[in-house]
Amino acid sequence: DIHVQYERVGADVTMKCGSMDWDAAVTWTANGTDIDESHLNGSYLILKNVDLSQSGQYSCYEGSSWHLKYQTYLRVGIPPKEPVLMCRSNNYPKGFYCSWHLPTPTYIPNSFNISVIHGTKDMVCEKDAVPKNRCHIRYLQLFSTVKYKVTLTVTNALGKNFTTLIFDEFAIVKPDPPESVVAKPVPNNPRRLEVSWQNPSSWPDPETFPLKFFLRYRPLILDQWQHVELSDGTSHTITDAYAGKEYIIQVAAKDNDIGTWSDWSVAVHATPWTEEPKHLTTEAQITETTSASTSSFMAPPTTKICDKGAMVGSGAMAVCWTAGLVVAAYSVFFI
Amino acid sequence: GDSWGIFTFLCAALCNLPALPALNCSEELGAGQSIQQTYDLTRYLEHQLRTLAGTYLNYLGPPFNEPDFNPPRLARAERVPSATVDLDLWRGLTDNARLAANYRAYSRLLCYLRVLDGQVGTAELRHRLAHFCASLQGLVLSIGGVMSSLGYPLPTGPAGPPAPPGAPTAPNDFLKKMDDFWLLKELQTWLWRSAKDFNRLKKKVPPAVVTLRLEARGF
């Protein structure tokens, strides 16, 4: 016979050893470890001011025979705080979904119950398998003047709590972000970037319920975004990009007339087209021809003239000196 | 009065379209452009209504001006035409039915609003209501114009607010205020719906050049 016992953090817990008398001799264990007698009041186990670490399996054995007389699982937890509820229509006009979670854990199992009231009518919110804590509703009527009232109740063994949302059909419309955002440079245009994207796949009828878009972009090196709002079309060409700088680009979507903007799409990076740098070999050739032409104007190096033959005496000196003059004259000419 | 102002505004806007040079607005206008203009007018009215409704609900006082106020619909409020419609039915409406529903709704709402206009206390409210009624009249005219250009007959019906035999006006002050609350709510919802209605019409009626005759409707 499996027992489970739920107790609040900080509570005092008294466990009885099944049908045993108060004065019977018993031994208690917690997860297999013997519990000291100081915690016993007769055959009752007293746990004061329990905390989460005291959760576990508690067993009671008869003193001499070591027969298992009672066993229970103690689960220490807290009653639920007010849950967080959110409802949104990302597939207008099909319907909407609500999702919820607890702001802090309770450490014990919780069950959720959601009710949707539209005017006098009770509607059924069908629970999704994945993700958990989510349900969806199909609209039966469009353009309703009556608000929807959604109440989420969370219950566990230690208590319950609830929260309510009241909203108009139009107020909760928020599409998913645009998909497949692509940004490409434009050949021969150093200040342009071509951006294109697609309607979110969850939006069922973009023909009748068109979306408008908001594009934001900035070079990675700056913090300030530039914005463009586009009332139709799923592409746009940026024409004022800084040349050669890498850009980060995002797009958001909104129903043309109602609701709020989607979250920003996944960011894409792109750099505008830049001209190819000059080829290295061409440069070298230009330098060689220049040096060849200049050297033809220059006198042959002085050493050659002076080295020729072993000219001894002033004659040789005179030739060297003359050569030096000629070189000097030419150098002056070129300065 | 102000109705001519709206009419002139429409004409001026249409005549400035770059795609149609040297256009005299008393002659040829595309049905497509008329639908666009009607759509734009519903957005303008929706914007105007936000201010008007805020002021009016404050005038009515609590609980009418509380954001979460969500009263049950009483049977008597059904006199005001409702924009609420079954999804598949709405999708399947013919262009004629779609336009006629809008035409009828705004004609009736206009009548109710005019009655309201005669009753409100403050000068500011009277001024706002008068301005709004004029714009709303422009919308009715615009829808009528679209219907005529597409060859549809204008819906006939009672011109004034229908008074069911034996049904009195609201028996007490609170119920009267409830009527006003629902009137504004229905108006708001109709303007949201019309944006979607005219979007659908825009896609189905290409901007063909059709002769448009805008006749004075005795206002």
Taking +1 at the Cβ of each Lys and Arg and -1 at the Cβ of each Asp and Glu, which of B:Thr51, B:Ala83, B:Ile35 sits farthest along the dipole of the range B:29-97 towards its positive end, judged by Cα position relative to the Cα centre?
B:Thr51
Taking 8 Å as the Cα distance limit and 6 or more residues as the minimum spacing, I'd like the relative contact order of the range A:84-167 as a percentage.
30 percent
Roughly speaking, to the nearest percent, how much of the range A:179-270's 1.4 Å accessible area is carbon and sulfur?
46 percent
Averaged per residue, what accessible surface does the range B:56-160 expose to a 1.4 Å probe, in Å²?
45 Å²
Only loop residues by DSSP count here, and only those with at most 15 other Cβ atoms within 10 Å; note down the trypsin sites (Lys or Arg not before Pro) in the range B:72-145 that meet that.
B:Arg73
Select from the range A:112-140 all residues whose loss of accessible area on going from the chain by itself to the full protein assembly reaches 50 Å² or more (probe 1.4 Å).
none
With a 1.4 Å probe on protein heavy atoms only, tell me which residues of the range A:240-267 lose at least 10 Å² of accessible surface in the complex relative to the chain by itself.
A:Asn256, A:Asp257, A:Ile258
With a 1.4 Å probe and ligands and nucleic acids left out, the total accessible area lost when A pairs with B, in Å² to the nearest 100, equals 2200 Å²
From the backbone phi of the range A:157-167, what are the Karplus-calculated ³J(HN,Hα) couplings (6.51 cos²θ - 1.76 cosθ + 1.60, θ = phi - 60°) in whole Hz, Gly and Pro given as x?
4, 10, x, 9, 7, 8, 9, 10, 10, 10, 8
Excluding residues fewer than 8 places away in the same chain, name every one of the lysines whose C-alpha is closer than 26 Å to that of A:Lys245.
A:Lys184, A:Lys278
Whole-number percent relative contact order across the range A:191-239, with pairs defined as alpha carbons under 8 Å at least 6 apart:
53 percent
Name the residues whose placed amide hydrogens come within less than 5 Å of the amide hydrogen of A:Leu230, ignoring near sequence neighbours (fewer than 5 apart) on the same chain.
A:Phe213, A:Phe214, A:Leu215
Order these peptides, A:91-98, A:70-77, by their mean beta-carbon neighbour count within 10 angstrom, highest first.
A:91-98, A:70-77
Gap in Å between the Cα centre of the range A:1-73 and the Cα centre of the range A:215-265?
64 Å
Hits among lysines - C-alpha to C-alpha of B:Lys176 under 17 Å, sequence gap 8 or more where chains match:
B:Lys185
Mind checking the per residue accessible area of the range A:179-270 for me, 1.4 Å probe, whole number of Å²?
50 Å²
Carbon and sulfur: what percent of the range A:1-123's accessible surface (1.4 Å probe)?
48 percent
Lys/Arg +1, Asp/Glu -1 at C-beta; the range A:3-77 dipole; positive extreme among A:Thr29, A:Leu68, A:Gln57
A:Gln57
Taking the Cβ of B:Thr51 as the centre, find all other residues whose Cβ is under 12 Å away and add up their charges (Lys, Arg: +1; Asp, Glu: -1).
0
With contacts defined as alpha carbon pairs under 8 Å and 6 or more residues apart, what's the relative contact order of the range A:3-77 in percent?
42 percent
Taking amide H positions as placed 1.01 Å from N in the peptide plane, with prolines and chain starts having none, which residues 5 or more places from A:Asn90, or on another chain, fall under 5 Å of its amide H?
A:Tyr97, A:Lys174
Taking only protein heavy atoms and a 1.4 Å probe, what accessible area per residue, in Å², does the range A:3-77 have with all protein chains in place?
57 Å²
DSSP beta bridges in the range A:1-92: the antiparallel percent, rounded to 5, is 75 percent
Ignoring ligands, DNA and RNA, the residues of the range A:155-173 whose accessible area with a 1.4 Å probe is reduced by 40 Å² or more relative to the chain alone are A:Ile166, A:Phe170
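The values are calculated or read from the model by the stated rules, or taken from the named source; none is laboratory data. Nothing here was measured: the structure is a model prediction, and the numbers come from that model. Virtual Cβ from ideal backbone geometry, glycine too; neighbours counted across all protein chains shown. All accessible areas refer to the heavy atoms of the entire protein, side chains included, with ligands and DNA or RNA removed. Shrake-Rupley method; radii C 1.70, N 1.55, O 1.52, S 1.80 Å.
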